[in-house]
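A quick write-up on the structure given underneath.
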Amino acid sequence: MDFLSLDDFKNIEVDPQWTAFDYLLKTVEVDQEKAAKKRSPLGNAGESMGKKRERPRQRREEHGRQKRRARAMVLVPPCAPPLLPQSFSQLIEEMGGGNLVFVIEKKLFYSDVNRQASRLSIPFSQVQSHAFLTESEAQHLEGKNNTITALLLEPSMVKTEVNLNKWVMGKSSMYVIKTAWNSVVKNNGLKDTTVVRLWSFRANSTL
């Protein structure tokens, strides 16, 4: 228990007209102010503890904002499609062809060069543009076992007739080049480490 001293009243201006009751009220006021000052460190400490409790939450929120910013920074504009080699462009022009569309770039898998499989898979997830097919051709491939006959220019510049199918395997879809694919692999020395690029073009409206 603390008592009031003269130092507690040193800044108090006393009115000569105060009554005994006025002095009593002022004494009570000074006593309350003194008690409040003693409680204030505890109050500050409590506030500080509250802030400390908030810091882990603040760190989590800041970490979440940083992760969102990091995810946002992952999004980048698509790269421009590669250019078709000049030798192919010249041959296509000589054939009266046009409407070039970059379809896919992929590293060949073992199944792409396996003689038993005898086909090149073109997964939808890797196709750069499905616009290489006309609307009627795309609808035609929706039918089971339906195919489209197309002319393939091999890396060796040899012209080969192939068939194009559409396969649906569970939730995955792909185009498949079949017929004479084994000869394309053999004649061009394709391996399961080869990276190939496929373009489409139209000659006399034919794929």
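The values are calculated or read from the model by the stated rules, or taken from the named source; none is laboratory data. Computed from a predicted model, the values in this text were never measured in an experiment. Counting neighbours? That spans all protein chains shown, and the Cβs are built from the backbone with ideal geometry, glycine included. Areas reflect the complete protein model, heavy atoms only, side chains present, ligands, DNA and RNA absent. Shrake-Rupley method; radii C 1.70, N 1.55, O 1.52, S 1.80 Å.
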Worksheet item: So for the pair residue 147, residue 91, with labels modelled 7 Å out along Cα→Cβ, what separation do we get in nm?
Response: 2.2
Response to the item:
Ordering 168, 103 by the accessible surface of their heavy atoms, 1.4 Å probe, largest first, yields 168, 103
Item to complete: Can you send over the solvent-accessible area of residue 169, 1.4 Å probe, protein chains only, in Å² to the nearest 10?
Response: 110
Worksheet item: If R0 is 35 Å, what FRET efficiency do you get for residue 131 and residue 186 from their C-beta distance, rounded to 0.05?
Response: 0.65
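Per residue, how much accessible area does the stretch 85-171 have with a 1.4 Å probe, in Å²?
Details: 5400 Å² over 87 residues.
For the stretch 85-171, the per-residue accessible area is 62 Å².
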Worksheet entry | Cα centroid separation - the stretch 139-207 against the stretch 98-122, whole Å | 7
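Please work out the FRET efficiency for the pair residue 107 and residue 161, using the Cβ-Cβ distance as r and a Förster radius of 25 Å; give the result to the nearest 0.05.
0.45
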Worksheet item: Under a 1.4 angstrom probe, counting protein chains only, how are 167, 181, 199 ranked by accessible area, largest first?
Response: 167, 199, 181
